[in-house]
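Undergrad: The structure follows.
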Amino acid sequence: MRAFWIVLDSAGIGNAPDAEAFGDEGSNTWKTCYDSGKLHIPNMEKLGIYHIDEMNYGDKSLSPIGCYGRLHEKSMGKDTTIEHWEMAGMISPKPFPDGFPKDVLDEFRKQTGREVLCNKPYSGTEVIKDYGREHMETGALIVYTSADSVFQIAAHEDVVPVETLYEYCKIARKILMGAHAVARVIARPFVGQYPNFERTDRRHDFSLVPPKQTVLDDLKDAGKDVIGVGKIYDIFAGKGITETTANHGNKKNMEKVFELQKKDFNGLCYINLVDFDMIYGHRRDILGYTTALNEFDKDLEIFLANMRGDDVLFITADHGCDPGYKGTDHTRESVPLLGYSKCWKQGVNIGTRDTYADIAATLAQIFEIEYHGDGTGFLEMLK
C-alpha cells in the first residue's frame, strides 16, 4: 500500500478558535486568495474543499468525490516544525522560547569567533537590506528571528562561504538546546551588492530532533518506506525517514512525486510544498499565492489520474501565512484536510477535528501498525 501526504505549506483556512491569542484574529489565507477573483482549483473543488466546515464561500454544487474536514491545532505555536510534528502525532503543549539572551549569543560569538548583528524579529529580505552592508564591512553575522521558533543566520557568500555558514549553524544548533531550544536554526546565504542583495537557494535548516516517537518512526519500525520530499527531512532532522529528496520548489517537488507514483514502494510519501509560504505568504503576494494554488491544482489533476487502486492521498496545511494580513509572519489558522482513495466512500465530511495528530492516527490505522502518538483515527468513517 502507498500513501501520499501533501502539505501545502501555510495554506490555512482561517477561523482558528485561538487566533486572537496569537494576534491573528481575522486572518484567512485561503479566503484572501479566493477574494482575489483569480483562484481556479477545480480538482480541489472536486475533492470537497468548499464543503469544509465554515468555508462559507466557493462552489458547493459539485458532489465531492473525496473526504474533507477541518483541523484545529493543539500545539502552542505557529511554526512549521511544531505543526509538522503534531501532524505526525506529537502535540507540543509548550511553545518554544523566542528571542536570544545574552549568554546564548556570547557563547555563539565565542565558538564562531564572529560578532552578531540585529538579534531581533525581522523580515528575511529586509534584514539583509538593513544590515547587509555592515555585515560586509565587519564580517559580523546577521542573526534574526520571527514569529516562528527560528534562529536565522544570514551571511554574504563572499564574506562567509556557504559551508562555513553551515558549520556556524551546527554550532548554534548545539547551543540552542534545553531551556533555549528553538525548532530550527536556518542558514540564509545571500549575494549581490548593497542595496541589491538577494537570498540564494542554498538555505539549509538544522532542526531539533523530535523528542518523542512519531508515526514516521512507527512506520519505519514496521518495515515501511517513509519517503520525504521537500523540507520533510529537515523538519524531522531525518528521524523516521528512509529516503529523501531535498526541496527544489513546488513544481520540481511535484515532478518528483509523479516519478514516485511510478515506483513500487510500501509506505508513506510525505511532501512539503514550501513555495506557498516562503515565496508568497511571507512576502504578502496575493496574486503569487493564488497562482501557486492554481498551479498545484493542475498538478493534482495529473496526480489523481496516476493513482493506483489502493493508493491513499491526503492534502493539508500546517498553518496560515495570509498574504492579505498585516506583517510578514505566519498566521494562526485552522487548516483543511482533503483525502481520496478509490477504496473509500465518496463525499465524507470528517468534520472539525481538534488536533492535526488525527492524520497520523489514521495513517497508523491504514497501515495496521502499532502507534505511539496522539490523536484519534477516522478510517472507520471512510470505509
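The values are calculated or read from the model by the stated rules, or taken from the named source; none is laboratory data. The structure displayed is predicted, hence computed values, not measured ones. Cβ coordinates were reconstructed from backbone atoms using ideal geometry, including for glycine residues, and neighbour counts include every protein chain displayed. Note: areas computed on protein heavy atoms with side chains; ligands, DNA, RNA excluded. Shrake-Rupley method; radii C 1.70, N 1.55, O 1.52, S 1.80 Å.
Undergrad: In whole percent, what relative contact order does the range 272-344 give with Cα contacts below 8 Å and a gap of six or more residues?
TA: Result for the range 272-344 is 35 percent.
Undergrad: In cubic angstrom, how much convex hull volume per residue do the alpha carbon atoms of the range 55-163 span? Each step should come with its number before you reach the end.
TA: Working: hull volume 21.3 nm³, N = 109.
In the range 55-163, the Cα hull volume divided by residue count equals 195 Å³.
Undergrad: Something else now. Under 5 Å between amide H atoms, partner at least 5 residues away or on a different chain: which partners does T352 have, H built in plane at 1.01 Å?
TA: Close amide H contacts, sequence-distant or interchain: R70.
Undergrad: Kirkwood hydrodynamic radius (Cα pairs, Å) of the range 134-273?
TA: For the range 134-273, the Kirkwood estimate is 16.7 Å.
Undergrad: Taking the 0 to 90 degree range and rounding to the nearest ten, how far is the long axis of helix 286-306 tilted relative to the main principal axis of the chain, both from C-alpha atoms?
TA: The angle comes out at about 50 degrees.
Undergrad: In addition: Where Rh denotes the Kirkwood radius from the mean inverse Cα pair distance, what is Rg over Rh for the range 155-214?
TA: Ratio of gyration radius to Kirkwood radius for the range 155-214: 1.09.
Undergrad: Also, I was wondering about something else. In whole Hz and in residue order, list the ³J(HN,Hα) couplings for the range 220-232 that follow from phi through the Karplus curve 6.51 cos²θ - 1.76 cosθ + 1.60, θ = phi - 60°; x for Gly and Pro.
TA: 4, 4, 7, x, 8, 6, 10, 9, x, 10, x, 7, 4
Undergrad: From a point 7 Å beyond the Cα of R199 in the direction of its Cβ, which residues of the range 136-178 have a backbone N at a distance under 14 Å?
TA: Only 142-156 pass the distance filter.
Undergrad: In vacuo Debye scattering of the chain, one point per C-alpha: log10 I(q)/I(0) at q = 0.14 Å⁻¹?
TA: -1.20
Undergrad: With label points built 7 Å along Cα→Cβ from the Cα atoms of R109 and E295, find their separation and express it in nm.
TA: 4.3 nm
Undergrad: Sticking with this structure for a sec: Could you report the chain's accessible area per residue, 1.4 Å probe, as an integer in Å²?
TA: Working: 15090 Å² over 383 residues.
Heavy-atom accessible area per residue stands at 39 Å².
Undergrad: Further question on the same structure: Based on the Cβ-Cβ distance from E370 to V209, what FRET efficiency comes out when R0 is 30 Å, to the nearest 0.05?
TA: Numbers: r = 21 Å, r/R0 = 0.70.
The pair E370/V209 has a calculated efficiency of 0.90.
Undergrad: Next question, about the same structure. May I ask which of K102/K231; K74/K220; K251/K345; K46/K342 have a Cα-Cα span longer than 19 Å here? Don't skip to the answer; put the middle values down first.
TA: On the way: K102/K231 31 Å; K74/K220 25 Å; K251/K345 30 Å; K46/K342 14 Å.
Check vs 19 Å cut-off fails for K102/K231; K74/K220; K251/K345.
Undergrad: Just to verify a number: FRET efficiency for R283 and N56, C-beta to C-beta distance, R0 = 45 Å, to 0.05?
TA: Efficiency, rounded to the nearest 0.05: 0.95.
Undergrad: Taking amide H positions as placed 1.01 Å from N in the peptide plane, with prolines and chain starts having none, which residues 5 or more places from F151, or on another chain, fall under 5 Å of its amide H?
TA: R184, V185, I186
Undergrad: Follow-up question, since we're still on this one. What is the sum of charges around P323, taking Lys and Arg as +1, Asp and Glu as -1, for the other residues whose C-beta is under 15 Å from the C-beta of P323?
TA: Net charge around P323: -4.
Undergrad: If R0 is 51 Å, what FRET efficiency do you get for S63 and K129 from their C-beta distance, rounded to 0.05?
TA: Taking R0 as 51 Å, the efficiency between S63 and K129 is 0.50.
Undergrad: Tilt of helix 358-367 relative to the longest C-alpha principal axis of the chain, in degrees (0 to 90, nearest 10)?
TA: So the inclination is approximately 60 degrees.
Undergrad: Per-residue HN-Hα couplings for the range 266-277, Karplus 6.51 cos²θ - 1.76 cosθ + 1.60 at θ = phi - 60°, whole Hz, x for Gly and Pro?
TA: Per-residue couplings from phi come out as 10, x, 10, 10, 10, 10, 10, 9, 8, 4, 3, 7 Hz.
Undergrad: If you don't mind, another one. Grab the DSSP H runs of the chain that are 4 residues or longer, score each as -39,500 (n - 2.57), total them, divide by all residues and round the 222 nm result to the nearest 500 deg cm²/dmol.
TA: -9000 deg cm²/dmol
Undergrad: Now, a different point. Distance from the Cα centre of the range 151-169 to that of the range 226-249, in angstrom?
TA: About 22 Å separates the Cα centre of the range 151-169 from the one of the range 226-249.
Undergrad: Pull up all non-local amide H partners of T245: gap of 5 or more, or a different chain, and H-to-H distance under 5 Å with H placed in the peptide plane.
TA: Amide H to amide H, under 5 Å and 5 or more residues apart or across chains, T245 pairs with G228, V229, G230.
Undergrad: To one decimal place, what orientation-averaged projected area in nm² is obtained for the convex hull of the Cα set of the range 264-328?
TA: Value for the range 264-328: 5.1 nm².
Undergrad: I've got another one for you. Taking the chain as the reference, fit the longest principal axis to its C-alpha atoms, fit the long axis of helix 162-175 to the helix C-alpha atoms, and give the angle between the two in degrees, 0 to 90, nearest 10.
TA: The answer is roughly 80 degrees.
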